[in-house]
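The next block holds one structure in the form of structure tokens; read it before the comments.
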Amino acid sequence: MQFSTPPSDTTTAVTDSTLGITAQDVAQAANAVISPEFWLGVGMTALRVGLTIALALLAIGVVTRIKKRWVASVQDDPATDKRRQRVLTTSDLLGSVARYVIWAITIVTVLAMIGFDVRALLAGAGIAGLAIGFGAQTLVKDVISGFFLLFDDTLGNGDLIRIGADTGTVEYVGLRLIKVRKFDGELLMVPAGELRTFGNKSVGYARAIVEVGLSYEQNATEALRVLEEVAEEWAATDHAREVMVEEAPQVQALLALGDSAVTARVVVQVQPGEQFPAERQLRSLIKTRFDERGIEIPFPRRTVYVKSADGGPGVSDADAAAAGA
């Protein structure tokens, strides 16, 4: 008796030994792909994703418009300089934070729409964030420092500050980075965590200080009288009345007895940032009035003594010139 082996069903018995996918599974997937219901679902998902991104862009546009209106509300009011500076700084920061938040929510929403397990993604992001945090302590320090710099109101856009040997104007204050423009145009990028000690020259008032050297041969009383006249003349100008914090400049006399000059100076308190034009104006007036009165601004002098060959007393250049005459 012979037994015959029944023919195998190639449709159901053929399998992929690696993935365990049968031909029937492949056929079902192909039928699903070409079905109208599949493409309708894909189209609806794409539509929802597009609408979500459009809403995100619309929200960012609304935030930008609100920021511009907020800044414009104080832009042309000269009586609110400090408030305007505060608004400029805060609006930049809040606008940046709002954009980050909107895009983060949009990305998570889109991933959920296309079938990602958002809960697992967020859990993984939390673990990854914890691991990254240990290696990004400097970044965290910068962000925290920037937060306190901003909300303690220690500096803002437009402030003139000194960082070490560099001085410049603050152009941007962020949570992580401070941008400072130096007078020569160089832009300094300073991490907020490194901004431990700095000087803010835009708080309260500034001092315009002009030092003047007087020759030893000059009558100091007369020269000081001229300096006082110059100070009064400058204080009477329209610009001086607008920028002065105190009523009149001060003339401080005989601060030092140098090698070739006696030092005096003129000091006046002005609004922050106005000390530089005030100093230039005072120097110009001093030079003009000194020239009119014949008061010399000294320059370094040196007397040289020459010892005679026979060991006698030396002769100065002045004595030698007089003898030759």
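Let me know the volume per residue of the alpha-carbon convex hull for region 149-200, in Å³.
68 Å³
For region 206-293, report the % of Cα-Cα distances exceeding 23 Å.
20 percent
Ranking request for peptides 214-227, 50-63: highest mean number of other beta-carbon atoms within 10 Å first, then the rest in descending order.
Answer by packing, highest mean first, reads 214-227, 50-63.
Taking 26 Å as the cut-off for C-alpha to C-alpha distance, list the pairs among 182/287; 179/201; 68/179 that go past it.
Pairs exceeding the cut-off: 182/287.
Read the figures in this text as sums done on the coordinates, not as results from a lab. Note that the structure is a prediction, hence the values are computed from the model and not measured. Because the Cβ atoms are built from the backbone with ideal geometry, glycine has one as well, and the counts that use them run over all protein chains shown.
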